[in-house]
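Structure, as structure tokens:
Nothing in this text is a laboratory measurement; each read-out follows from the coordinates by a stated rule. Model, not experiment: these values are computed from the prediction. Cβ placement follows ideal geometry from the backbone for every residue including glycine, while neighbour counts extend to all protein chains displayed.
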Amino acid sequence: MTVQTDQKSSGTDLKKRVSRGNVLKYPGLQTTVWAIGGGKGGVGKSFVTANLGVLLTQMGKKVLVVDADLGAANLHTLVGAESARVPLSSYLSGTVSEFRRVVAKTPIPNLDIVSGDKDSLDSGSFTPSKAERLREGLRHVDYDYVLLDTGPGTSPAQLDMLLSAEETILVTNGEPTAIENTYRIMKCLFLRKMRRVMRNQESGVVEKLLSTVFSPSSSFEVKKFSDIFTALHNLSSEQEEYLRAAMEHNGISIILNNCTHAEDKRLGPLIKRGCQDYFDIEVGYLGFIFSDKSVTESIRNRIPLVVHNNGTPAAQSLSSCLQRLLLNVRRQVMAL
Ligand SMILES: Nc1ncnc2c1ncn2[C@@H]1O[C@H](COP(=O)(O)OP(=O)(O)O)[C@@H](O)[C@H]1O
Ligand SMILES: [Mg+2]
């Protein structure tokens, strides 16, 4: 891994991007937060989180991985950490007040974990206010990167966690059901974000115009997401530009993981194009990871793949995904 990001010097620029692009970010936080999500369980979210976390430590970064998949928490196993003494739910429910009490060491140097192991909460009790409490807790940590391993699905809390991150990485495999769910999660993310952008606009003009678009007497036909922009453009090109700018810097990327067929390689670019056509929003494509026996072996040994066997195709692909993500971040910063 040779890619370097000069985080210190680009910090101000990153913050500019944050304030422009996302309405739920972490104001004032020096740490870069990435969220890893996906529409389905078992697609490799935790596997990707654990290994990207380790790769970042190998670049000299201090990293915290957070298991926010309440109810199906197993990130601790993937990084070879002990069972949690104090799980995340203790902080979320207020049983412990200091976030640092749920942070534990892992055997990997410079990699710490907030584990969801032994959590008393399930995914159903993970509400937006708990997501907000997690965000509040993360304001008090001192890491270069925080990686949130989120659960599947489109609950409001799940969406808020994904939207609150600097970069959102959606993991899917090549099965049609997983891909369907990836589109679904994207649609929910964009709608939730659009709603927040509207509410944050002081003048409230976009909200007013869009209520016209969606009123029962409206002559606008909104069949796909991108039609919202077209309708808004017809009412006010300035307001359309405003909404578009806020929606464009979404920091969403896709990883195709655990693929069994060579032809699955075309799926990533296809999803990217599909998003452009349907949502009129650009998402990033980070890469493709084949189904690889070494992954299962590393998990059985409770050692992250990039430590267990970093020469395997899956480990190499993970490195490429990270390189692409870091390059995308750099490009976005330079475009401002
Ligand atoms: N690239 C891969 N090659 C082989 N098996 C994989 C790969 N990615 C994931 N898996 C398998 O899928 C299982 C589920 O992965 P996990 O990261 O726990 O999914 P999620 O967090 O999305 O529920 C892993 O235990 C592993 O056996
Ligand atoms: Mg998981």
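Considering only 128, 107, 87, the Gaussian network model of the chain with Cα springs below 10 Å gives its largest mean-square fluctuation to 107. By DSSP, the beta bridges lying fully in the chain are antiparallel in about 10 percent of cases.
Computed extension gain for residue 100 through residue 140, at 0.36 nm per residue and net of the alpha carbon distance, reaches 13.6 nm. Comparing 230, 182, 150 in a Gaussian network model of the chain where C-alpha atoms under 10 Å apart are linked, the largest mean-square fluctuation is found at 230. Ranking 301, 278, 325 by how far each Cα lies toward the positive end of the dipole of region 238-336 (charges on Cβ) leaves 301 at the top.
Taking trypsin sites (Lys or Arg not before Pro) across region 168-232, the ones in a DSSP loop with at most 15 further Cβ atoms lying within 10 angstrom of their Cβ are 223, 224. Pull out a ≥ b ≥ c, the square roots of the eigenvalues of the alpha-carbon gyration tensor of region 234-336, then state rounded if a/c is under 1.5, prolate if not and a/b is larger than b/c, and oblate in the remaining case. Here region 234-336 falls in the prolate category.
Taking square-rooted eigenvalues a ≥ b ≥ c of the alpha carbon gyration tensor, is region 250-302 rounded, prolate or oblate, where a/c under 1.5 means rounded and, failing that, a/b exceeding b/c means prolate? It is oblate, given that a/c is not under 1.5 and a/b is not larger than b/c. Each Lys and Arg contributes +1 and each Asp and Glu -1, all at the Cβ; summed about the Cα centre of region 121-206, the dipole is approximately 480 debye.
Computed about its Cα centre, the charge dipole of region 195-271 is approximately 220 debye, with only Lys, Arg, Asp and Glu carrying charge at their Cβ. Using only helices, what value at 222 nm comes out for the chain when you add -39,500 (n - 2.57) per DSSP H run of length 4 or more and divide by the total residues, to the nearest 500 deg cm²/dmol? After summing the helix terms and dividing by the residues of the chain, the value is -15000 deg cm²/dmol. Let me know the shape class of the chain, please: from the alpha-carbon gyration tensor, a ≥ b ≥ c as square roots of the eigenvalues, rounded when a/c is under 1.5, otherwise prolate if a/b is greater than b/c, or oblate. Cα axes put the chain in the prolate bin. Modelled spin-label separation between residue 62 and residue 238, with each label point placed 7 Å from Cα along the Cα-to-Cβ direction: 4.7 nm. Here the chain is assigned +1 on the Cβ of each Lys and Arg and -1 on the Cβ of each Asp and Glu. Its dipole about the Cα centre then comes out at about 340 debye. Between the residues 212, 247, 229, the greatest Cα displacement towards the positive end of the dipole of region 131-250, with unit charges on the Cβ of Lys, Arg, Asp and Glu, is found for 212.
Could you point to the residue in 311, 153, 103 farthest towards the positive end of the chain's charge dipole, with +1 and -1 charges on the Cβ of Lys/Arg and Asp/Glu respectively? Positive-end residue among those listed: 103. Residues within the reach of a label modelled at residue 175 (point 7 angstrom out along Cα to beta-carbon, backbone nitrogen below 18 Å), restricted to region 42-72, are 42-48, 72.
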